[in-house]
1. Residues that are away from the ligand (no atom under 15 Å from the Cβ) and closer than 22 Å to D66 by Cα, at least 2 per element: which helices (runs of 4 or more DSSP H) completely within the stretch 107-190 meet that?
2. Of the numbered conditions (1) surrounded by 19 or more Cβ atoms within 10 Å (Cβ to Cβ); (2) in contact with a Phe, Trp or Tyr (Cβ under 7 Å, 6 or more places away or on another chain); (3) not in a loop (DSSP other than H, G, I, E, B), L283 fails exactly one; give the number of that condition.
3. Checking the condition farther than 27 Å from G215 by Cα and touching a Ser or Thr at 6+ places or on another chain (Cβ under 8 Å), which residue from A69, A170, A124 passes?
4. Just for the stretch 213-268: of the residues that are small (G, A, S) and under 18 Å from the mean Cα position of the chain (by Cα), which one is nearest to S285 (Cα to Cα)?
5. Among (1) part of a loop (DSSP other than H, G, I, E, B); (2) touching a Pro at 6+ places or on another chain (Cβ under 6 Å), there is one condition V70 misses while meeting the rest; what is its number?
6. Provide a single number: the residues in the stretch 252-280 that are surrounded by fewer than 14 Cβ atoms within 10 Å (Cβ to Cβ) and free of Cβ contacts under 8 Å to residues at least 40 places away in the same chain.
7. Can you tell me which residue among E24, E44 is within 20 Å of P214 (Cβ to Cβ), more than 10 Å from the ligand (Cβ to nearest atom) and in a helix (DSSP H, G or I)?
8. Need the failing condition index for T39 against (1) more than 23 Å from F154 (Cα to Cα); (2) surrounded by fewer than 17 Cβ atoms within 10 Å (Cβ to Cβ), just the number.
Amino acid sequence: MIAYEEKVAVVTGAGGTLCSVIAEDLARKGAKVVLVGRTREKLEKVAAAIAAAGGVCRIEPGDVTDEAAVADIAVRVEAEWGPCRFLINGAGGNNVKAMPTRLRFCEKDLCASASLRENNDLPADRGFFDIDMEAFKSVLEINTLGTVIPSRIFGLQMAKAGGGAILNFASMNTYRPLTRVAPYAMSKAAIASWTMFFAQYMAPAKVRVNAVAPGFMVNERSRAYLMTPDGGLSARGEQVMHHTPMGRFGEAEDLLGCVNWLLDDSASAFVTGITVPVDGGFLASAGV
Ligand SMILES: NC(=O)c1ccc[n+]([C@@H]2O[C@H](COP(=O)([O-])OP(=O)(O)OC[C@H]3O[C@@H](n4cnc5c(N)ncnc54)[C@H](OP(=O)(O)O)[C@@H]3O)[C@@H](O)[C@H]2O)c1
């Protein structure tokens with residue numbers, strides 16, 4: 001079993017569905033884990049679980065799109081714990097205001113600006129031309145710069161200390177955009193590109209950079225559109241299941257084998273710049 005031997009692992013989005021489990025696993029395997037996210041209470045819950053299992057962690061609330069805030073965290077962590085050795089860029093997400101409710105252009109789109117003028121909020125039935133551009137930009141920002149900024153700051157720390165490994169979060173949207181999530185899909189496609197770029201750049205510094213592309217794993221946000229209130233499948237959930245040969249949604253634990261492999265300097269010593277799907281066969285399926 002891989003052991004992280006008190007090395008420092010920074011996990012962004014550590015209060016979330018997937019990275020809380022990854023943070024707990026890293027701590028169980030001996031890493032000193034830095035929990036980063038905007039909401040202190042979410043991080044405290046994860047910290048309590050880590051402490052209860054005898055692990056070591058610290059809470060560093062902060063917004064990963066805020067360069068000064070991330071730099072402050074990096075300085076504090078290095079001074080008190082030493083340099084970051086592993087960076088898990090899990091912070092990310094979508095925004096319903098950047099999502100149309102309609103899948104295709106139709107006659108109603110021709111009235112888009114009128115409907116926006118009449119509604120301070122988004123219309124319940126909205127096309128692409130109704131969506132909020134500020135929300136669109138915020139989704140691009142969290143999913144792209146929210147990975148680039150910590151990578152620059154902690155990547156340099158790793159290079160100065162002699163090496164490290166960075167893990168980014170791609171998505172099924174990296175390969176083909178799902179309907180209704182344009183900025184999320186654009187930004188997750190960008191993650192694969194950024195992973196390749198930064199892997200090439202950092203190879204001489206012995207910093208490996210890879211990404212995992214989770215399939216459909218139910219989190220607080222996706223529960224609303226994948227499931228019905230009574231725990232059944234929504235229409236979109238049915239579509240996903242129809243395209244998933246393994247016939248179930250993924251669990252955070254399904255990622256651990258891939259995550260540990262990509263962080264392990266012996267098991268994946270010659271692996272950098274790749275994006276690995278962990279998707280129950282979703283990408284392999286044409287759905288027909
Ligand atoms: N679940 C899936 O099916 C799935 C599939 C493919 C890819 N992914 C990707 O995997 C990653 C983790 O997903 P998840 O399901 O665990 O999502 P999640 O439960 O929503 O967790 C994401 C975490 O990121 C944090 N976050 C968001 N914006 C942030 C910011 N600006 N600064 C710092 N922290 C921020 C959030 O906490 P705060 O709001 O408190 O900051 C949240 O706890 C994401 O990148 C997601 O896009 C998920």
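Read-outs: derived from the displayed coordinates by stated rules, not from any lab. This structure is a prediction, so every number in the text was calculated from the model and none was measured. A quick note on method: Cβ atoms are made from the backbone with ideal geometry, for glycine too, and the neighbour counts reach across all protein chains shown.
1. Values: elements: 112-118, 133-140, 146-161.
The helices (runs of 4 or more DSSP H) meeting that bar are 133-140, 146-161.
2. Looking at each condition in turn, L283 falls short on (1).
3. On the way: A69 fails: touching a Ser or Thr at 6+ places or on another chain (Cβ under 8 Å); A170 fails: farther than 27 Å from G215 by Cα.
It is A124.
4. Just the residues of the stretch 213-268 that are small (G, A, S), to begin with: 213, 215, 222, 224, 231-232, 234-235, 237, 247, 250, 252, 257, 266-268.
Keeping just the survivors that are under 18 Å from the mean Cα position of the chain (by Cα) gives 213, 215, 222, 250, 252, 257.
Working: A213: 16, G215: 12, S222: 21, G250: 16, A252: 22, G257: 22 Å.
Step by step, filter the stretch 213-268, then rank; the result is G215.
5. (1)
6. Residues that pass the stated criteria total 4.
7. Values: E44 fails: within 20 Å of P214 (Cβ to Cβ).
The unique qualifying residue is E24.
8. (1)
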